[in-house]
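Heads up: the structure comes next, in structure tokens.
The values are calculated or read from the model by the stated rules, or taken from the named source; none is laboratory data. Source: prediction; values computed, not measured. Here the Cβ positions follow ideal geometry from the backbone for every residue, glycine too, while neighbour counts run over all protein chains shown. We work out accessible area using only protein heavy atoms, side chains counted, and drop any ligands, DNA or RNA first. Shrake-Rupley method; radii C 1.70, N 1.55, O 1.52, S 1.80 Å.
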Amino acid sequence: MKQLEAELLQGTSPEAETPMVKREFKPYLDDQWIGNAVSYGPYRKGQAPGQVGPSEADILEDLMILSKHWNLIRMYASDDDTERVLKVLRRSKLPIRVMLGVWLENETDNPERRKLNVVQVMRGIELANKYPDVLMALNIGNETQVFWSAHNMATEDLLRYVRAARKYTKTPVTVADDYNFWNKPESKAVASEIDFIVCHMYAMWNSITLDNAVSWTDSVYKSIASAHPDRMIVLGETGWATTYNAEKTGDGQQGTLIIGEVGIRAQGEFLIALDEWIESNQVTTFLFEAFDELWKGGGEATGPNEVEKHWGVFFEDRTPKPSFETFLKQRE
């Protein structure tokens with residue numbers, strides 16, 4: 001592994017697998033499909049990645065809540081906080097499996113960022129091999145290829161890490177990105193080296209009204225599946241926020257791009273319609289997200305209405321939003 005780390009730091013990596021032998025992603029637990037899934041960030045008020053992380057008691061409380069509703073969760077980075085979650089999961093024997101993320105950012109002409117990327121990749125490989133009973137997939141990079149991403153990185157850099165993950169683990173390996181990457185011809189090069197595709201599609205961010213949200217999601221899903229007929233398509237992020245900055249100020253995106261109703265009632269309706277679609281189509285889907293995360297979107301500096309803080313179906317204090325309670329009643 002030291003040799004791999006040195007190669008990655010130098011900007012080299014294993015060759016692409018030829019021929020590509022796909023590893024099947026199987027979202028099943030005890031022969032039951034668990035593809036109706038959720039994204040999980042463990043950070044509470046006053047906590048944030050790389051600063052203060054959750055305790056094992058915090059994590060166990062979260063996992064007990066999650067296990068009542070989901071058996072498959074998605075996490076976004078490979079670090080001490082994530083390993084703490086994996087340890088608690090193994091010890092508690094809760095019926096939850098994980099799609100583990102490796103967080104990457106643009107490293108072009110940035111050796112310090114490359115070092116951080118390599119740390120993430122090496123830790124991801126380590127965790128995949130250490131917790132095969134808990135992990136179902138390894139996700140290399142999140143929204144690193146779509147044109148609008150703040151951490152857009154060169155495709156050859158991303159694929160270097162994909163190849164390393166595939167060579168040094170037995171876990172299915174994927175890349176997560178927005179549909180506006182996966183619908184482009186250049187996405188073929190990435191798709192050809194991964195086991196399945198993780199695609200993000202947010203009706204709310206794409207100026208779609210609530211009544212058309214799930215039909216839009218269905219059409220986008222089908223278009224990506226048609227573009228990549230040889231790969232399973234997993235819906236890696238979709239959701240409906242409950243608060244946003246409506247003023248067309250600052251970057252203007254929230255006030256301009258979001259035209260659908262935003263709020264508790266709207267989220268509840270979206271959850272009901274999305275759940276029906278997931279169950280009818282059996283498409284593995286990670287709802288974004290379980291808990292509100294106050295550290296996101298610039299933390300306190302951006303104010304309490306910053307949309308990135310409010311995608312959860314639980315408030316930050318772990319109480320369920322009325323929208324989720326309405327959904328659960330409808331599901332009974």
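The condition of being under 16 Å from the mean Cα position of the chain (by Cα), within 19 Å of PRO42 (Cα to Cα) and basic (Lys, Arg) holds for only one of LYS309, LYS321, that being LYS309.
Residue pairs whose Cβ atoms lie under 9 Å apart, separated by 6 or more positions or on different chains, with the first residue in the stretch 139-150 and in contact (Cβ under 8 Å) with a residue 40 or more places away in the chain and the second of a type in the set (Ser, Thr, Tyr) and open to solvent by 20 Å² or more (accessible area, probe 1.4 Å), are ASN139/TYR76; ASN142/TYR76; THR144/THR155; GLN145/THR155.
For the stretch 162-203, enumerate the residues that are closer than 29 Å to THR12 by Cβ, in a helix (DSSP H, G or I) and hydroxyl-bearing (Ser, Thr, Tyr).
At the first step, the residues of the stretch 162-203 found to be closer than 29 Å to THR12 by Cβ are 162-178, 181-182, 184-198.
Add one more test, that the residue is in a helix (DSSP H, G or I), and what stays is 162-168, 181-182, 187-191.
Those that are closer than 29 Å to THR12 by Cβ, in a helix (DSSP H, G or I) and hydroxyl-bearing (Ser, Thr, Tyr): TYR168, SER187.
Checked against the criterion of being of a type in the set (Lys, Arg) and more than 24 Å from VAL162 (Cα to Cα), the stretch 94-102 has no qualifying residue.
A residue that is of a type in the set (Val, Ile, Thr), open to solvent by 100 Å² or more (accessible area, probe 1.4 Å) and over 20 Å from LYS87 (Cα atoms) can be found somewhere in the stretch 8-20. The set of residues in the stretch 204-229 being free of Cβ contacts under 8 Å to residues at least 12 places away in the same chain and either open to solvent by 50 Å² or more (accessible area, probe 1.4 Å) or not in a helix (DSSP H, G or I) (or both) consists of ASP211, ASN212, SER215, SER219, LYS222, SER226, PRO229. With respect to the numbered conditions (1) open to solvent by less than 10 Å² (accessible area, probe 1.4 Å); (2) touching a residue at least 60 places away in the same chain (Cβ under 8 Å); (3) not small (Gly, Ala, Ser), which one is the sole condition not fulfilled by MET136? Here MET136 meets the rest and fails (1). For the stretch 109-122, the condition of being among the polar types (S, T, N, Q), more than 19 Å from GLN10 (Cβ to Cβ) and either in contact with a strand residue (DSSP E or B) (Cβ under 6 Å, 6 or more places away or on another chain) or open to solvent by 10 Å² or more (accessible area, probe 1.4 Å) (or both) holds for none of the residues.
Only one of the numbered conditions (1) of a type in the set (Val, Ile, Thr); (2) assigned to a helix (DSSP H, G or I); (3) modelled with pLDDT of 95 or more is violated by THR256, and that is (3). Of all residues in the stretch 275-303, those satisfying the criterion of being more than 15 Å from PRO42 (Cα to Cα), part of a loop (DSSP other than H, G, I, E, B) and in contact (Cβ under 8 Å) with a residue 24 or more places away in the chain are GLN282, VAL283, THR284, GLY303. Within the stretch 311-332, the residues that satisfy the criterion of being in a loop (DSSP other than H, G, I, E, B), modelled with pLDDT of 95 or more and either touching a helix residue (DSSP H, G or I) at 6+ places or on another chain (Cβ under 9 Å) or closer than 21 Å to GLY35 by Cα (or both) are TRP311, GLY312, VAL313, GLU316, ARG318, LYS321.
For the structure I just gave you, tell me whether ASP62 is touching a Lys or Arg at 6+ places or on another chain (Cβ under 8 Å), open to solvent by 30 Å² or more (accessible area, probe 1.4 Å) and of a type outside the set (Gly, Ala, Ser). The answer is no for ASP62. Kindly establish whether THR169 is of a type in the set (Ser, Thr, Tyr), open to solvent by less than 50 Å² (accessible area, probe 1.4 Å) and free of Cβ contacts under 8 Å to residues at least 60 places away in the same chain. Yes: the conditions hold for THR169.
The single residue among LYS309, LYS296 that is crowded, with 21+ Cβ neighbours inside 10 Å and more than 20 Å from TRP70 (Cβ to Cβ) turns out to be LYS309. Taking the criterion of being among the aromatic types (Phe, Trp, Tyr) and open to solvent by 30 Å² or more (accessible area, probe 1.4 Å), the only residue of the stretch 231-290 that qualifies is TYR244.
Flag set for GLN47, criterion: open to solvent by less than 30 Å² (accessible area, probe 1.4 Å), out of contact with any Cys (no Cβ under 8 Å at 6 or more places or on another chain) and farther than 28 Å from MET232 by Cα.
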